[in-house]
Amino acid sequence: MGHLLGAIRTAAINAVALRHMARPDATSLGILGSGFQARVHLQAAMAVKAFERVIAYSPTPAHLKAFAEAMQRAIDLPLHVASSSEEVVRRADVLICATTSRTPVFDAAWLRPGTHVNTIGPKFAQGHEVPLEAARRAEVIVTDSLAQVDAYAETFFLKSTPERERMMELSEVVVGRQAGRLSQDGLTLFCSVGLAGTEVVVADALLSMKAEGA
């Protein structure tokens, strides 16, 4: 149950970031990864934005096939299976990286102008799924918790860089103190660190809903 709540919590926070940081006219959603996190993040993204196209890639064909079949039923929208990560990135207005890779899963040169990227997987100095160049090129970089970024068990991949100094908290964007997007063509990046403790809020809400329905 704790694992499920944690995944839902993380996906919900990432969906909030997507809603505030993606271009209003974004219609294509790209997914790199095919595991449980990729599934819940796709569903959360579809809940906050009416994407017209979804394209996904995983280096494991069997996992990708199972993911596509399950998700097409869940989101009631055709899901295109890509032959490479490059194909996904070049076609995505919004890119969700939900992998376990400690090496970059795409080249920053593939990103289209105005793309928003959510990174859910590893973000350590010793290994990260998103290339450093993507962060360098991003006009806006946001995280759910700067305190958790600085308290990473392993060194955060942007530590001691100008990009770390530019990072903002999602809460500041949501309440309007900071802008989640500065221009139509600028890249934006959300670095998810999970915002520990929010499972308690989710659990409390679920229990309240159950009590009201009892």
> Do you know which of the residues in the stretch 109-161 that are assigned to a strand (DSSP E or B) and either over 20 Å from Gln37 (Cβ atoms) or free of Cβ contacts under 8 Å to residues at least 12 places away in the same chain (or both) is nearest to the chain's Cα centre (by Cα)?
Replying inline: Ile141
>> Of all residues being of a type in the set (Val, Ile, Thr) and out of contact with any strand residue (DSSP E or B) (no Cβ under 9 Å at 6 or more places or on another chain) in the stretch 16-50, which is nearest to Leu189 (Cα to Cα)? Just the residue, please.
In response: Val16
> Restricting the search to the stretch 70-99, which residues are over 28 Å from Val193 (Cβ atoms), at pLDDT below 95 and assigned to a helix (DSSP H, G or I)?
Replying inline: Gln72, Arg73
> In this structure, is Ala125 under 26 Å from Ala47 (Cα atoms) and out of contact with any Pro (no Cβ under 9 Å at 6 or more places or on another chain)?
Replying inline: no
> Only one residue in Arg136, Arg53, Arg102 is at pLDDT 95 or above, closer than 19 Å to Gly186 by Cβ and either touching a helix residue (DSSP H, G or I) at 6+ places or on another chain (Cβ under 7 Å) or surrounded by fewer than 21 Cβ atoms within 10 Å (Cβ to Cβ) (or both), so which one is that?
Replying inline: Arg136
> Filter the stretch 56-76 for residues that are of a type outside the set (A, V, I, L, M, F, W, C) and touching a helix residue (DSSP H, G or I) at 6+ places or on another chain (Cβ under 6 Å); which is surrounded by the most Cβ atoms within 10 Å (Cβ to Cβ)?
Replying inline: Ser58
>> Anything in the stretch 20-50 that is surrounded by fewer than 18 Cβ atoms within 10 Å (Cβ to Cβ) and part of a helix (DSSP H, G or I)? List them, or say none.
In response: Phe36, Gln43, Ala47, Val48
> How many of the residues in the stretch 128-171 are among the polar types (S, T, N, Q) and within 26 Å of Pro113 (Cβ to Cβ)?
Replying inline: 2
> Across the stretch 162-190, what is the total count of residues that are assigned to a loop (DSSP other than H, G, I, E, B) and aliphatic (A, V, I, L, M)?
Replying inline: 4
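The values are calculated or read from the model by the stated rules, or taken from the named source; none is laboratory data. Just so it is clear, the structure is predicted and the values come from calculations on it, not from any experiment. Heads up, the Cβs are rebuilt from the backbone with ideal geometry, glycines too, and the neighbour counts pull from every protein chain shown.
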